[in-house]
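K.L.:
Can you read through this structure? Questions will come right after.
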């Protein structure tokens with residue numbers, strides 16, 4: 001089950017983002033229709049797409065906050081990871097749409113005549129959306145939320161896009177092609193962000209290698225709680241939102257009784273739960289001099 005503080009921050013970000021995006025969409029669409037700018041109208045719809053990603057964040061936090069049940073014994077924490085992947089897909093769509101629009105505009109040698117009011121609208125939009133991006137990414141990193149960080153990058157892509165419109169408006173009189181070229185550059189940044197967001201979420205769903213620092217912490221606790229353990233290997237991580245399952249193999253002298261092994265395993269598991277907030281499962285096996293048995297880390 002997801003941490004309540006994390007859930008509240010997720011709701012706050014999602015609701016705040018949705019409200020701001022709807023307001024910005026209205027102003028940007030109005031400015032685009034006023035000037036007849038395809039770029040402005042497209043960027044306005046880019047902003048409303050951010051509302052969809054914020055809704056995905058809200059849905060992900062709502063599902064993640066549900067307790068475990070019979071069908072989901074590990075809780076619903078991975079719903080947030082799925083939400084981040086959905087956002088990554090949305091970012092990918094936005095990035096390729098920017099490439100398409102930039103190519104068409106460059107091919108048609110289209111020159112956009114912006115008004116001072118439209119420039120002001122998109123300048124304010126860039127500033128506001130970067131503020132939302134900073135807030136989402138900062139909070140996401142603080143509470144270790146993949147979907148909040150992903151939504152932050154979506155806000156940032158919109159801020160960059162609005163800034164590109166402003167730059168194009170200011171330099172368009174000198175270089176008719178500047179808006180299209182900068183559009184390609186922005187698209188590359190958006191697609192890179194989409195790749196990072198989607199890859200991180202996919203790694204969690206597919207299964208991830210244990211973090212080196214976490215592995216060292218576990219081994220230190222094992223040494224403190226059970227000096228008789230002669231080796232450790234087969235560390236596996238299973239992440240379900242805030243809930244982390246760890247499985248590992250430990251070696252011990254072969255003449256130990258089952259009672260001895262059970263007592264040691266219980267002591268180590270309790271220490272890991274208290275110190276690292278993980279749910280461990282330990283498999284004991286007799287000490288062996290054959291390196292091939294433990295070839296898998």
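K.L.:
Express in nm, to one decimal, how much length is gained between residue 247 and residue 184 on full extension, taking 0.36 nm for each residue of separation and deducting their alpha carbon distance. List each step's numbers first, then the result.
P.N.:
Numbers: separation 63, 0.36 × 63 = 22.68 nm, distance 4.58 nm.
So the extension gain works out to 18.1 nm.
K.L.:
Can you give the Rg and Dmax of the stretch 212-294 based on its C-alpha atoms, in angstrom?
P.N.:
12.6, 40
K.L.:
Over the Cα atoms of the stretch 4-206, compute the convex hull volume and normalise it per residue, giving Å³. Don't skip to the end; give the middle numbers.
P.N.:
Details: hull volume 20.4 nm³, N = 203.
Measuring per residue, one finds 101 Å³ for the Cα hull of the stretch 4-206.
K.L.:
Just to compare against my own numbers: the Cα pair-distance distribution for the stretch 172-261, 10 Å bins, whole % per bin, please.
P.N.:
12, 27, 20, 14, 10, 8, 5, 3, 1
K.L.:
I would also like to ask the following. Within the stretch 212-294, what percent of beta bridges assigned by DSSP are antiparallel, to the nearest 5?
P.N.:
Details: 8 of 16 bridges.
Counting only bridges with both partners in the stretch 212-294, antiparallel ones make up about 50 percent.
K.L.:
Once the convex hull of the C-alpha atoms of the stretch 118-196 is built, how many Å³ does it hold per residue, rounded to a whole number? Walk me through the numbers before you get to the answer.
P.N.:
Numbers: hull volume 5.2 nm³, N = 79.
So the per-residue hull volume is 65 Å³.
No lab work stands behind these numbers, since they all come straight from the coordinates. Computed from a predicted structure; not experimentally measured.
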